[in-house]
Structure formats: C-alpha cells, structure tokens
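> Handing you this structure, nothing more for now.
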Amino acid sequence: MLSWLPKMNTLARRALLPAGFADLLSPEAGFEAATVERLMAAFAAQGYVRVKPPLVEFEDALLSGSGAAMARHSFRLMDPVSQRMLALRPDMTLQVARIAAVRLRGEPRPLRLCYAGQVVRVVGDALRPARQFGQIGCELIGASSVDADAEAVLLAASALLDIGTRGLCVDVSSPTLAGAVIDAAGLRPERAAELRAALDRKDAASVAALGGEAAHALGELLRGSGDVARALAALGRVALPGRAAEDAARLREVVAALGARRPDLPLTVDLVEHRGFKYHTGLCFSLFARGVRGELGRGGRYLAGGDFTGEAGEPATGFTLYTDTILRALPAVGRARRIFLPLATPPARGEALRRDGWTTVAGLDPVADHAEEARRLGCSHAWIDDAILALEGE
C-alpha cells in the first residue's frame, strides 16, 4: 500500500537544493518583484539611472583592489572560452564603480546610478544564512560634499518608508574614526588588532587595558555611541588627532544636515563601528527596522574606479539594500484579488476587470460548477451570471 514512498523519496532527493538556496513561491515571489520595482521607481524619480552589470566577471578584475575584501565570499569557475578564471559576483557595488570608471568615464559628474539583481556567496552568516539574495542600490559618483552624504542616507530611508517599512532607524557611523585614533597612538600591530577586536565586542574593560594613550578617547567614543545628542557630546569631550578630528567634524555636519532635512527620521550614531565597511573611506550608515533581524541595507563613502583606471579613484557614496530583509520588514503579503472567468466569458470583460485592478484567471475547459473551479484555481471571486461573486471563506 505504501509502494509510492520510494518514488516520492527519489523525487525529494532530486529536488533538494544546496544549503542557503531556496525557491521563492507565490505570492512572495511576485511581491518581491513588485517591491524591487517600486524602489527602483523611487530612485529614478530622483535622477538615478539604471545599469545592469553581468552576473559573472573575470576573477582578476572583480576581486582585485577593493574587491579583494569580497574574495573569500566568491564562487569561482573556469571559463571554457577564454580559459580564464571567472567569479560570480558576491556584491554589485564594485561592478557599478567599474561601469562608472570605464564605460561612463566621459559622462558629466556626479553620476547617479542605480541597480538591482541577485548576488551569490560561498557561505552565509548568522544574520543572513542565505547564499543567494537580492541587492538594490544607488551610487552617487563624483561628489564629495556633505550634501552628497545626506542625499544617500535620505534617499535610502525615504524609499524604504514610502513602500511601507515600519519602525525604520538609521545608524550613522564613521568607520575610519576609531582607526585613526588607534593609528595615532603608535601601538604595536598585534595590540592594535586586539584593540580593534575589543571595540567590535564593545568591551570597555579591554579597550581601557589595551588602548594606551588612546584609551581615554576610545572609551569616550564607545560610551557615547547611541543617542545622537550623547554621541555629539562625546565628540566634544575628547581631543582627537588629525584624521580623526576631520572624520568627527564631517560626522557632525552630516548629522546636522539629516536633522534639518528630515527631523522625523530616527537616528543613532555609532562612533566605533567599522565591521563590514572594509573599503569605505568616510561616513557610513546602516538601516534597521524595529523587530526585524539583520540590516535592511548599508552604505557610505568610498573611492570609486581607482582599481580599473590606476588612479586614486573618484569620491563616491551610495548604499545597498537587501531584498530578503526588506520583505520581512513590510506588512504581510495580502492575497491578490483573483477572479475566475468561465470559458465563455467575452474577452472585453476580462480587459475591463484587469483595468479595475483584478487578476483574471481564464477557464480553459467547460465545467459544471464555476464557483468550485474558481476555488480549485486559488481565486477569491468568480464571474457568474454577469456579476462578480465573492466566494465563501475567501
């Protein structure tokens, strides 16, 4: 009686996906696609033009220079045509920087570019175990002003709020700030590495023990992180060396610009954060939603294109949003208004319903019970006797 079990087990094994990869089914797949397009439309409305880099590039181009930070995340394969190693993109930011530096080299600056696509990584992490996920982002290339930093933060935040993200908060940081304080203290490389690790853990006792001349300043920065007013007060209490003082001044200016332009946007400041900002050179930010695990996105200032031109690179800022986390921050997907149209329904009726926002499902065979067929096909309504019938229980 259970002779079908071996066949089902064989089918299950054949359909098994690698860890970190998953099918996205209806209605979530459609909701994700619609969300991506809504975000891209918001970016286009503010002058950002869409580009589409390839999924695969030559390894020595994609993962050199700034891209080396993503090398350990990248799948590699041999190209049978060129006999050169290829890499699947683990991130899209550096690809857009390449497009700006090479393909759009002669275009007027600043460039405003946006993109959306899938990335693949060798391993996930605790916050994002998926190894394939969607990225959506913008890059503002060729602008170094405070207004450019503020534009990137506000564009990301306003787009997320416009699509219905609840409990949004922006955490602003300057990843080079604490590093500049550590470098100025002249610590041995091993001790400096331990000190950076202690800052990552927010371990105040270890920072005090390891910091030497930098201990007081780093302790103040660590304790001041969080509320904007407290962070700015902490910056005012410490004497910061050269580059660190410049970073602190820029941080103050950007926070002031954000407060002036969007006073209702919840802001926090982390004065010692630098994890995950490996190639960034100035002010950065992360986006979170209350009750949602992981970042909705992150971004910040960097130098674009120098890896491809051999020059210093252009000042740039931008951000990347993660579709999997964004979907968790949005209201639950509602069931679409699907209406069943029996076989003999005139085509004009279907066109009129679609203009009114309905999703129509056409019957392909004559059936005795139209309501039952509508339920079988996952519809909430049926067109019966020249009228819309709501199905019971739907």
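> On the basis of being out of contact with any helix residue (DSSP H, G or I) (no Cβ under 9 Å at 6 or more places or on another chain), modelled with pLDDT of 90 or more and surrounded by fewer than 20 Cβ atoms within 10 Å (Cβ to Cβ), does GLY167 make the cut?
Taking the combined requirement at face value, the residue does not satisfy it.
> Consider PHE319 carefully, then state whether it is modelled with pLDDT of 95 or more, of a type in the set (A, V, I, L, M, F, W, C) and in the same structural domain as ALA143 (by TED's automatic domain parsing).
yes
> Sort through VAL120, VAL172, VAL181 and tell me the only one that's crowded, with 17+ Cβ neighbours inside 10 Å, under 25 Å from PRO90 (Cβ atoms) and among the aliphatic types (A, V, I, L, M).
Criteria check complete, one pass: VAL120.
> Separate question: Which residues, taken from the range 288-325, are hydrophobic (A, V, I, L, M, F, W, C), surrounded by 23 or more Cβ atoms within 10 Å (Cβ to Cβ) and in contact with a helix residue (DSSP H, G or I) (Cβ under 6 Å, 6 or more places away or on another chain)?
LEU296, ALA304, PHE319
> Mind listing whichever residues of the range 151-163 are among the small types (Gly, Ala, Ser) and either under 24 Å from LEU232 (Cβ atoms) or not assigned by TED's automatic domain parsing to the domain that holds TYR322 (or both)?
Within the range 151-163, ALA152, ALA156, ALA157, SER158 meet the criteria.
> Restricting attention to the range 373-393, which residues are free of Cβ contacts under 8 Å to residues at least 40 places away in the same chain, surrounded by 13 or more Cβ atoms within 10 Å (Cβ to Cβ) and out of contact with any strand residue (DSSP E or B) (no Cβ under 7 Å at 6 or more places or on another chain)?
Scanning the range 373-393 gives a single hit, ARG375.
> Among the candidates LEU195, LEU232, which residue alone is in contact with a Leu (Cβ under 7 Å, 6 or more places away or on another chain) and farther than 30 Å from ILE136 by Cα?
Step by step, each of LEU195, LEU232 is checked, and only LEU195 is in contact with a Leu (Cβ under 7 Å, 6 or more places away or on another chain) and farther than 30 Å from ILE136 by Cα.
> Of (1) at positive phi; (2) assigned by TED's automatic domain parsing to the domain that holds GLY297, GLY226 satisfies all except one. Which?
Every listed condition holds for GLY226 apart from (2).
> In the range 125-142, is there at least one residue being touching a Pro at 6+ places or on another chain (Cβ under 7 Å) and either small (Gly, Ala, Ser) or surrounded by fewer than 21 Cβ atoms within 10 Å (Cβ to Cβ) (or both)?
Yes, because at least one residue in the range 125-142 is touching a Pro at 6+ places or on another chain (Cβ under 7 Å) and either small (Gly, Ala, Ser) or surrounded by fewer than 21 Cβ atoms within 10 Å (Cβ to Cβ) (or both).
> Further question: Test of understanding: among ALA217, ALA249, ALA231, ALA244, which residue is surrounded by fewer than 18 Cβ atoms within 10 Å (Cβ to Cβ) and modelled with pLDDT of 90 or more?
It is ALA249.
The values are calculated or read from the model by the stated rules, or taken from the named source; none is laboratory data. Just so you know, these numbers come straight off a predicted model, no measurement behind them. Cβ: placed from backbone, ideal geometry, glycine included. Neighbour counts: every protein chain shown.
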